[in-house]
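Working notes for the structure below.
The values are calculated or read from the model by the stated rules, or taken from the named source; none is laboratory data. Fair warning: this is a prediction, and the values are worked out from it, not measured in the lab. When we count neighbours, we look across all protein chains shown, and the Cβ atoms used for this are built from the backbone with ideal geometry, even at glycine. Just so you know, the surface numbers come from the protein's heavy atoms only, side chains and all, with ligands and any DNA or RNA stripped out. Shrake-Rupley method; radii C 1.70, N 1.55, O 1.52, S 1.80 Å.
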Amino acid sequence: MNRRNPAFQHIDLDVWPSVDSGALSPDKAAFFKRRRQAIDAYVSGASLRNIEEETGINSRQLYRTLNRCLLPAEDGRMYGYRALIKYDRVVTYSRQERISETHLQSKTGLAGAFTLLMESYPALHQWLSQKIKRYAIRIVQVHTEGTLKIRLKGIKNLHTSFIIQCRGAGITADEYPFNTEHLGIRSLTNFVKRDLLTHYEQAAHAAGAKNLKGLPQPQAATQKAATYPYQVVEFDGHRLDVRLKIVIQDPLGLEQEFEIERIWLLVIIDVCTRAVLGYHLVLSREYSRYDVIKTIEKAISPHIPRTFTLNGVSYGAAGGFPSGKLPELGYAIWERIRLDNAKANLSNETITALCEFIGCTVDAGPPHQPDDRPYIERFFGTIASTLSSRMPGYTGSSPTDVRRALGDVKGNIRLFVSLSDMEELMEASIALYNATPHAGLNGKSPLEAMTYFIRAKSQLLLWLPEPKRKTMCLMQTPHRCRVRGYLPQGTRGHITLFQVRYTNQVLAASGTLLGKDLRIYYNSDDLRTVRAFLHDGTEIGVLKAQGAWGEIVHDLKLRREIMKMRGKKKLGFSISQEFIDQFVDAKKTKAKRSRRAASDLERTLRTLAGAPTTKASSAKSKNSSPRVPSTDEIEVGEIVTSSEKKVEPQHLTIGFGFTSAL
């Protein structure tokens, strides 16, 4: 062996783990310094003869020492200078001699017997490793003062199964572990401890940890702290740990109560000032990309104050939201946003809205690492402790949470908080949070910190351009639709979006647009109208859905549900007020048996009566769910010119090109 060995060609001593020679005894320190001097001289290019004359280490000893230094250690790194310490082993002891009767009688000389058993029976070793990975053993940490002391729960059951596996492997009674007094239980315990503690993640989960903390991330050193507002914001969703209900009044004025599923709270919070910029409550079981975009829109747009109906609930003297207290923050945008790897967060529509429409950078962060977004996670903890945990029907943070039993209403749904009350309480709680002194802000509240940066220091921010403020619908990803028309039948130009025809006067009066692709922007909460642009960006205008689809307020989920019924031949008549009443009654029947159906019922009622410019009178219900409006009570969309004239049925023919969708 010589310098031509490839392993010795490129040795980088800078990456070798070093040793504090001051902690060694004089004998070990002298031994270590001679070998370190020999290694350094060899790497610098000195000859073997000179190295031997200066250190007394010949070539054979030098090459053996180099091989020891290049071996991998248990921590994943190479041994490096650590292999030069006298009497330290770099290779695990491997027993070669079989256990004899002399060893059993003297109870000595059994070192390495369990390791030899694992090497002789690989199937037994694989079975034991699988048991450890599946958490058949639980760890109880006693303390960490000095030597780590832990207790293993379940080791006796594991040892019983281990003995059964040994018999199945063909081990006889005169072989290890059957020829020992305790059948190798102490060796098994030491093996399990060593295997668990070698992999910290495995040991932590065996001890009951749900999330691992403190692992340095490679990019953490390059992330700079936010030094001014709107530099970095964080977004995340939290499912409230509280059971809610909805209250609906029938035509006779009698109240009907239904329990719904737990709702989602989506929040955007500023990192520098800890101020909540905007939030959105979602009734669905899982929030979608449309809900994420809705939260972004609420965080950018100026805050609209809410009218409270609960006694004693208000914003307070200092409570509120940044864009409401400081009007100049209306349409202010951020530079970077941190979010997790949820599908709704990383969808094409969400990324397009953030990167192209707003113009910020997106930091998705590592998966399963909530500590990467500590500020919003801490905010969710505050909401849980100050709001959710104080309500009847609180589900607790885990099945063993004592507050779960304290908040149990014993099946009495009347004690649940209604959805409308929760909305008011959430609005007031977040407004109060923005006005509460924060320890991370040196005793200032988030609103005070925001005011200091914006007005006292005149911090420069970025704002959404004026043209984009008027076209917030462009935040959505455009949907491509082709203009269809049939000259022989006289069918005028139109597009088909989600199985419904859309057109306007410009599209229907010209034949030059037939066959061209349009870029369609729509609001998923109100599909009565959409906005159309040509491929070169020229606006066509607002397209209106034909038939009753253009009069009754509906969202994308409701339309797909009705179209699904039509496809299954469950819908044999056109959309009318009678059909809407029957549709809602069917949902009420399902809501009595399912919380998911109750949530769907509330979402449907709000969609049918929640138009931005609707004139429909609100329902007389505890949760403020408006009555299902008729077609003669609803205006067109938010963008269509309002008309107080009653909508009359139109007699259309193929020649005019306007046909009902159903």
Item to complete: Considering only the range 46-73, state which residues are under 44 Å from the mean Cα position of the chain (by Cα) and either among the hydroxyl-bearing types (S, T, Y) or closer than 21 Å to K28 by Cβ (or both).
Response: C69, L71, A73
Discussion item. Just to be sure I understand, how many residues within the range 485-505 are open to solvent by less than 80 Å² (accessible area, probe 1.4 Å) and farther than 20 Å from A548 by Cα?
Written reply: 2
Worksheet item: Can you pull out the residues in the range 410-449 that are free of Cβ contacts under 8 Å to residues at least 60 places away in the same chain and more than 19 Å from R239 (Cβ to Cβ)?
Response: K410, G411, N412, L415, T436, P437, A439, N442, G443, K444, E448
Practice prompt. Output the residues belonging to the range 1-37 that are in a helix (DSSP H, G or I), among the hydrophobic types (A, V, I, L, M, F, W, C) and under 22 Å from R77 (Cα atoms).
Written response: A7, F8, L13, V15, A23, F32
Worksheet item: Out of the residues in the range 528-559 that are touching a residue at least 40 places away in the same chain (Cβ under 8 Å), assigned to a strand (DSSP E or B) and not hydrophobic (A, V, I, L, M, F, W, C), which is surrounded by the most Cβ atoms within 10 Å (Cβ to Cβ)?
Response: R528
Worksheet item: Given the range 281-376, what helices (runs of 4 or more DSSP H) lie entirely inside it while holding 2 or more residues that are farther than 20 Å from Q476 by Cα, of a type in the set (G, A, S) and at pLDDT 90 or above?
Response: 322-325
Worksheet entry | Odd one out for R49, checked against (1) modelled with pLDDT of 85 or more; (2) open to solvent by less than 60 Å² (accessible area, probe 1.4 Å); (3) not in a loop (DSSP other than H, G, I, E, B) | (2)
Item to complete: Would you be able to tell me the number of residues in the range 418-451 that are assigned to a helix (DSSP H, G or I), of a type outside the set (G, A, S), within 12 Å of V276 (Cβ to Cβ) and open to solvent by 20 Å² or more (accessible area, probe 1.4 Å)?
Response: 2
Worksheet item: Does F32 satisfy being touching a Leu at 6+ places or on another chain (Cβ under 7 Å) and either at pLDDT 90 or above or loosely packed, with under 10 Cβ neighbours inside 10 Å (or both)?
Response: yes
Discussion item. What's the number of the only condition in (1) farther than 12 Å from D236 by Cα; (2) without any contact (Cβ under 8 Å) to a residue 40 or more places away in the chain; (3) of a type in the set (D, E, K, R) that R378 fails to meet?
Written reply: (1)
Practice prompt. For residues that are at pLDDT below 85 and not in a loop (DSSP other than H, G, I, E, B), scanning just the range 377-417, find the one that is most open to solvent (accessible area, probe 1.4 Å).
Written response: R414
Discussion item. Conditions first: (1) farther than 15 Å from G184 by Cβ; (2) surrounded by fewer than 17 Cβ atoms within 10 Å (Cβ to Cβ); (3) hydrophobic (A, V, I, L, M, F, W, C). I164 passes all but one, so which condition is the exception?
Written reply: (1)
Item to complete: Only residues that are surrounded by fewer than 14 Cβ atoms within 10 Å (Cβ to Cβ) and in contact (Cβ under 8 Å) with a residue 24 or more places away in the chain: list them for the range 58-72, please.
Response: none
